[in-house]
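> Take a look at the following structure, please.
The values are calculated or read from the model by the stated rules, or taken from the named source; none is laboratory data. In this text, all values refer to a predicted model and were calculated from it rather than measured experimentally. Neighbour counts are summed over all protein chains in view; Cβ atoms, including those assigned to glycine, are modelled from backbone coordinates with ideal geometry. To get the accessible areas, we keep the full protein, side chains included, count just its heavy atoms, and leave off ligands, DNA and RNA. Shrake-Rupley method; radii C 1.70, N 1.55, O 1.52, S 1.80 Å.
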Amino acid sequence: MIPRYRLLWLVLSLAILCAACGPGNTVRLIPPPALSGQSLPAPNAPSICVVNFEDGRSDEYSVGVRRDGSAFTTNQNVSEWISRALADELARDGLRVTYAVSVAQARSGNPDYLVTGRVDNVWLKEDGRLQLTSSMRVNLALANRKGRIWSETCNSSETKAGLPSKGWADDLLLSTLKDLIKPIAQKIVQTVNKK
């Protein structure tokens, strides 16, 4: 039998250790895994240019709130993170993809299609000691040389429960990003293939 004071000391030590391993306030925006083993696009595959999305959020460095009221922040460019991830996903799907920082730069390459967008929401919320929620919302448009052919608001959200770790928030945002861009890429590919 463990004496009470030792048991109390052990529980307190574990609580401090778990608190130290929890997510910090700075969140890293991890890119999806690099393209590997992908097949080259077909010679007749349409060309598509993803333009760096606008950031429609009020604070481009704030990505959430902790239980104590402090902010989750990032020093990386959120809109570039999302738009580059979409460009990579479209390349995985066999399209000839380029990336541009502006519509003017994109048009100078004369692609068959342009993807533009606005990031409206990227948010983490620490719901409890053992639970974290993330959400993302992006407004997208696909245009060909004649004009806009598709636009949609796309959302994704996830909740992660368990023992917090240092990369907990980073991993949750990456998972939410993947859930956001995969269906977007599929819709774009389907729309392009119908034309």
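> From the list Ala143, Ala185, Ala169, which one is assigned to a strand (DSSP E or B) and hydrophobic (A, V, I, L, M, F, W, C)?
Criteria check complete, one pass: Ala143.
> Is it the case that Thr153 is surrounded by 14 or more Cβ atoms within 10 Å (Cβ to Cβ), among the β-branched types (Val, Ile, Thr), at negative phi and free of Cβ contacts under 8 Å to residues at least 40 places away in the same chain?
No; evaluated as a whole, the condition is false for this residue.
> Another one. For Arg148, all conditions in the list (1) assigned to a helix (DSSP H, G or I); (2) of a type outside the set (S, T, N, Q); (3) open to solvent by 80 Å² or more (accessible area, probe 1.4 Å) hold save one; what is the number of the exception?
Arg148 satisfies every listed condition except (1).
Residues are listed down the side, and each one gets a yes or a no for (1) under 14 Å from the mean Cα position of the chain (by Cα); (2) surrounded by 14 or more Cβ atoms within 10 Å (Cβ to Cβ); (3) farther than 30 Å from Gly69 by Cα:
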position: Arg96; (1), (2), (3): no, yes, yes
position: Ala104; (1), (2), (3): no, no, yes
position: Pro111; (1), (2), (3): no, yes, yes
position: Thr116; (1), (2), (3): no, yes, yes
position: Val119; (1), (2), (3): yes, yes, no
position: Glu126; (1), (2), (3): no, yes, no
position: Ser157; (1), (2), (3): yes, yes, no
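> Only one of these conditions is not met by Asp112: (1) closer than 12 Å to Ile48 by Cα; (2) in contact with an Asp or Glu (Cβ under 9 Å, 6 or more places away or on another chain). Which number is it?
(2) is the only condition that Asp112 fails.
> Residues that are closer than 20 Å to Gly64 by Cβ and open to solvent by 40 Å² or more (accessible area, probe 1.4 Å): does the stretch 181-195 have at least one?
No, because not a single residue in the stretch 181-195 is closer than 20 Å to Gly64 by Cβ and open to solvent by 40 Å² or more (accessible area, probe 1.4 Å).
> Also, I was wondering about something else. Can you tell me how many residues within the stretch 61-93 are open to solvent by 10 Å² or more (accessible area, probe 1.4 Å) and either touching a residue at least 60 places away in the same chain (Cβ under 8 Å) or of a type in the set (Phe, Trp, Tyr) (or both)?
8
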